[in-house]
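Before any comments, here is the structure.
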Amino acid sequence: MKRIMTLGFLFTVIFLYAGHSEYIDAFPKAEAGMERYVLNLQKQKDESALKVELIIGKIVKTDKNNKYFYYGSIKEDVVKGWGFTYYKLDSLGEKAGTMMAVNPNTPQVKRFIPLGGEPFLIRYNSRVPIVVYVPEDVIVKYRIWTAESEMKTMKNG
């Protein structure tokens, strides 16, 4: 059973990287002080009904009551000669948030604090990896958004 699970894991890893490995070399290496994150998406039946949300942030110790976010903006760039889009966050700005009074004796907890603003949604495309460059102490997370299959009609008037 353990051998089957190991083979299944290896097959999954090979499947995820098959077809993408030739493209990853087209993307620039991470600059000093930066890290490159790569996401290879699985092929889906209807990729037009999907979006990928990039959630970039940092794990910090803070109170658990207030809502926090970082300032910053994700920039899009294109790999010259290939036309592939990649995403870059040069730096995280200041941390901001609500200012609810918290008992000073309340212990702080480690929390993931994301960039603020609107969700950063990009097209789902299983043929090319999603490549994101961020400072070394920053983490990239993601969510897959799915559209409902039924289209609804708006009322005029």
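Structural remarks
- Residue within the range 112-135 that is within 16 Å of Tyr37 (Cβ to Cβ), open to solvent by 90 Å² or more (accessible area, probe 1.4 Å) and modelled with pLDDT of 95 or more present: no
- Strands (runs of 3 or more DSSP E) fully within the range 18-82 counting 1 or more residues that are farther than 30 Å from Pro107 by Cα, open to solvent by less than 90 Å² (accessible area, probe 1.4 Å) and in contact (Cβ under 8 Å) with a residue 12 or more places away in the chain: 34-39, 50-62
- Pair list, Cβ under 9 Å, 6 or more apart: the range 101-128 residue within 14 Å of Arg143 (Cα to Cα), other residue among the hydroxyl-bearing types (Ser, Thr, Tyr) and open to solvent by less than 40 Å² (accessible area, probe 1.4 Å): Pro114/Tyr70; Phe120/Tyr87; Ile122/Tyr87
- Subset of the range 83-106 (residues that are open to solvent by 90 Å² or more (accessible area, probe 1.4 Å) and either among the aliphatic types (A, V, I, L, M) or touching a strand residue (DSSP E or B) at 6+ places or on another chain (Cβ under 6 Å) (or both)): Met99, Met100, Ala101
- Output for the range 102-139, where each listed residue is of a type in the set (A, V, I, L, M) and within 20 Å of Val79 (Cα to Cα): Leu121, Ile122, Val128, Ile130, Val131, Val132, Val134
- Residue within the range 16-35 that is of a type outside the set (S, T, N, Q), modelled with pLDDT of 90 or more and under 24 Å from Thr146 (Cβ atoms) present: no
The values are calculated or read from the model by the stated rules, or taken from the named source; none is laboratory data. Since this is a predicted model, take the numbers as computed values, not measurements. Cβ coordinates were reconstructed from backbone atoms using ideal geometry, including for glycine residues, and neighbour counts include every protein chain displayed. The area values use the complete protein model at the heavy-atom level, side chains included, leaving out ligands, DNA and RNA. Shrake-Rupley method; radii C 1.70, N 1.55, O 1.52, S 1.80 Å.
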